[in-house]
Amino acid sequence: MNTNIHELSYEELKVSLRLPEKHEIEEDRTNWGIIGQPRALKALKMGIEIKAKGYNLFITGDPGTGRKTATMQILKEHSSKSKPLKDLAYVYNFKKPQDPKILYLPEGKALKFKKAMKKLVSKLKTIIVENLSEESYKSDRDKMITDIERQENRILSAFEDRLVENGFRTIQIADEEKEEPVTDLIPLYNDEAVTFEELQTFVTAGTITEDQWQEVREKYYYFMDEMKNIFSSIKKKRDQMEESLGKAAEDAVRQSITKELKKIKKSWKTDGIKEYLSEVEKDVIQFHNVLIDDSVNEEMGDLLTERYDINVIVDHSEENEVPIITENHPTDVNLFGNIETNMDMSGESSTSFMMIRAGSMIQASGGFLILQAEDILKTEETWNSLKRVLQTGQVEIRGQQSPLGIPITNLKPEAVSVDTKVIIIGSSDMYFTLSQLDSDFIKHFKISVEFDSDMVRDNSTTAEYVVFIKNLIKKEKLKEIDNEGILEVCQYGIKLSERRDRLSTRFSFISDLLRESDYWASLNNKKMIDRDSVIQARKEKNYILNLPEEKLDDQINRGIILIDRDGSVIGSVNGLVVVDRGYYSFGLPVRITASAGPGKKGLINIEKESGLSGHIHDKGMFILEGFLRKRFGFSYPLSFTSSICMEQSYSGVDGDSASAAELFSLISELGEIPIQQNIAVTGSINQFGEIQPVGGVSEKIEGFFTVCNKKELTGSQGVMIPESNKNNLLLSDKVLQAVKDGLFHIYTMTCVDEGLELITGMKAGIREKNGMYPEGSINRLIDEKLEKFSILSLDKD
């Protein structure tokens, strides 16, 4: 096993960067906002250009990588119309008024059709009045009315004569249940009208006989029946006359109405519109009298503004490109549409097809609809409704429901056919979760567009960075920036990527740095943004955000949080952690301690026992146990009880980057080997004892450096990291200068033994042919101690 520890020099740690030559910079490129995303751009273009069903896009990537900007830019490049769009309008359904019909009109023609219909209705009203005022129609109408009235008068006169001959006449009496008086019969006595009560007194007085009284009653009922039959016959003939008059009126206006509708049909040849106009023609002929009646029945509604009106829900008359709509609040109403209602003073609601409103899914038909994943997934119902639309290609607009879940309106508009390409922007985790849990997801979103958070650093990409910087400054009218300032911005891009050979594509952070650098340059009365302005912007931003870091560093310096920065201690190692507050992260040393003794409980993870350990940290502990089993206990069973703890840690712990430090503290405790406290450790181990890379290595180094520097650098302090993390080292100027001056050291290790040798000053030892480790080596001390624990544990049994 190679145990040659390596210390990194200043030259190895320093990042070299040069600006591209002027001829290498393509300053006139149009897509300057899309850099380092060839895979995403290819997926975007493919998803946009393939028109087949299901080729919707789900865009993933870290915030700030330009997902939205790039998407909008590519959509603009594909915003020209490959085919005309459709205007959409709802109209009255004459056969089923509760089911308004949708019309698909040529692009930009809906408002013109609405205007044409309004003009048509106004003209028809005038024509109907003129037709019904013609002498020929009026003469025929009056003749029919006169003839029926003569017949009625003749029948009623003959009936009246018979009544008188039989001692009766008609009277009009009030009826409480009816508004109009009703006709009744009253008997005559000596040519004078008398009531039946008066006749009854005549019988009592002997003026008339009982037989005469009964005869009068029988005649009364007989003539009442006859009168009812006569009135029924008259009403029937009246109805027949009204029907004949209606047909005559329809015949009088039909030709003119048909002529006007024929004219408008020539201008609107779309099948759906022609069918609608034919229905309008029939309806106007049938209800022509209501159309010209100013006191129209409330139940029919205002025909001029409702029945023949056009509700335009999508109008493309002023659009030169396909619609590109971003829906920031995708509720059912905003996404799919709504049927509005009016509430009167009594609390009664009313609505009509004129109150149907289109949602963004309909408005974007023929183009693109952009949604945020976290917004559309807030309610399962909205997500399922979106999938239903993508499956059927139709949007059903529904009215809202009352708090009790009862529909406020019974209107059921015809579904709208849409051709909308949906683009959802979300995280990679969301994409993975949806693809695993929703069987329909991949079917509807066949294109995954992944934006990378960094790109290869070379002359070409650095040149693109320079173009981005200059174009943003030009676009936002910031101060000009000199070459040193550009280099410092590029250094920040490298820092964000966490790799020396990469540049970050999180351009929102780069943009923020430029804006803040411009602010500090202006505050310092500088004409240009220079290197110092960029450095100051970063420092001031850190100062604003690093209050928690300062508080913790202060607690370490005051001895509240116990961290040794020199000397040697058994069973204690300075591990390194990253505290991530979302908007700001920083490194911090943490004391990792171990205790061990005979027993059979194995390795106890105190963080786990306290409910503070995450799954990955738990896994790291299991790997640590696996390493011990693989290296020791060949001639005896491993039997011990030990515990490992991150001291003074009171919040959740996760990740396995402290597993090397945890192992070192345990080995130190088992072998009673002092560990140097001037060297902090980070690294993950596997069961073979190999050191694996970890995240946040630069922040961890800077965190321990800050703690040491605040007290005083002794010249022996430093950090030990995985060899495979060398390419992630992007350190501050302060740390680099300290390394250059020999005041701070950074070591790399590839295996556990290398790390142990550095922090203990002892040889680790390689197992010899006899199965034993060399005398006085670390591994020999551990092997002997574990064997002793095994014997003691067996003795206790």
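The values are calculated or read from the model by the stated rules, or taken from the named source; none is laboratory data. None of these values were measured; they are calculated from a predicted model. Backbone-built Cβ (ideal geometry, glycine too); neighbour counts: all protein chains shown. When the accessible area is computed, the model is the full protein with side chains, heavy atoms only, and any ligands, DNA or RNA have been set aside. Shrake-Rupley method; radii C 1.70, N 1.55, O 1.52, S 1.80 Å.
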>> Under 22 Å between alpha carbons, and skipping anything fewer than 8 positions from Lys143 in its own chain: which lysines qualify?
In response: Lys235, Lys236, Lys237, Lys247
>> Viscosity 0.890 mPa s, temperature 25 °C: what is the translational diffusion coefficient of segment 114-181 from Stokes-Einstein with a Kirkwood Rh over Cα pairs, rounded to a whole number of µm²/s?
In response: 146
>> Give the lysines whose C-alpha is closer than 29 Å to that of Lys785, dropping any in the same chain fewer than 8 places away, or say none.
In response: Lys600, Lys601, Lys608, Lys619, Lys630, Lys763, Lys769, Lys796
> Nearest 10 degrees, 0 to 90: what angle lies between the long axis of helix 428-437 and the longest principal axis of the chain (Cα atoms)?
Replying inline: 60
> With charges only on Cβ, +1 for K and R and -1 for D and E, what is the dipole size of segment 488-635 about its Cα centre, in debye, rounded to 20?
Replying inline: 540
> Which is farthest toward the positive dipole end of segment 352-453 among Met354, Phe445, Ala415, measuring Cα position about the Cα centre, with Cβ charges +1 (Lys, Arg) and -1 (Asp, Glu)?
Replying inline: Met354
> In the chain, with Lys and Arg counted as +1 and Asp and Glu as -1 at Cβ, which of these residues, Thr462, Thr331, Ala252, has the Cα nearest the positive end of the dipole, that is, farthest along it?
Replying inline: Thr462
> How large is the dipole of the chain about the Cα centre if only Lys and Arg carry +1 and Asp and Glu carry -1, each at its Cβ, rounded to the nearest 20 debye?
Replying inline: 3840
>> Only sites in a loop by DSSP and with at most 15 other Cβ atoms within 10 Å count here; which GluC sites (Glu not before Pro) in segment 48-134 make the cut?
In response: Glu134
> Could you sort His6, His288 by accessible area so the largest value comes first, with the probe set to 1.4 Å?
Replying inline: His6, His288
>> Once you order the gyration tensor axes a ≥ b ≥ c over the Cα atoms, which shape class does segment 703-762 get: rounded for a/c under 1.5, otherwise prolate or oblate by comparing a/b with b/c?
In response: oblate
> Per residue, what accessible area does the chain have, given a 1.4 Å probe and all protein chains present, in Å²?
Replying inline: 52
>> With +1 assigned to the C-beta of every Lys and Arg and -1 to the C-beta of every Asp and Glu, and no other charges, what is the dipole magnitude of segment 195-321 about the Cα centre in debye, to the nearest 20?
In response: 900
> Which whole-angstrom value gives the distance between the alpha carbon centres of segment 705-771 and segment 64-100?
Replying inline: 61
>> With the cut-off at 1.5 for a/c, could you classify segment 446-501 from its C-alpha gyration tensor as rounded, prolate or oblate?
In response: oblate
> Which pairs, out of Lys96/Lys263; Lys114/Lys263; Lys96/Lys262; Lys125/Lys265, put more than 22 Å between their alpha-carbon atoms?
Replying inline: Lys96/Lys263; Lys96/Lys262
> Points 7 angstrom from Cα along the Cβ direction at Asp532 and Phe432: gap in nanometres?
Replying inline: 4.7
> Tilt of helix 547-557 relative to the longest C-alpha principal axis of the chain, in degrees (0 to 90, nearest 10)?
Replying inline: 30
> Expressed as a whole percentage, what fraction of the accessible surface of the chain belongs to carbon and sulfur atoms when a 1.4 Å probe is rolled over the protein heavy atoms?
Replying inline: 49
> Between the DSSP loop rule and a limit of at most 10 other Cβ atoms within 10 Å, which GluC sites (Glu not before Pro) in segment 348-437 are left?
Replying inline: Glu348
> For segment 127-222, rounded, prolate or oblate, judged on the Cα gyration tensor with a ≥ b ≥ c (square roots of eigenvalues), a/c < 1.5 rounded, else prolate if a/b > b/c?
Replying inline: prolate
> When the helices in the chain are scored as -39500 (n - 2.57) per DSSP H run of 4 or longer and the sum is shared across all residues, what 222 nm value do you end up with, to the nearest 500 deg cm²/dmol?
Replying inline: -15000 deg cm²/dmol
>> In the chain, if the dipole is taken from +1 on Lys/Arg beta carbons and -1 on Asp/Glu beta carbons about the Cα centre, which of Asn483, Gly393, Gln717 is farthest to the positive end?
In response: Asn483
> Across the chain, how large is the tail of the calculated P(r) beyond 39 Å, expressed as a percent of all Cα pairs?
Replying inline: 64
>> Please compare each pair in Lys474/Lys734; Lys68/Lys421; Lys118/Lys274; Lys86/Lys112 to a cut-off of 22 Å on the Cα-Cα distance and tell me which ones are over it.
In response: Lys474/Lys734
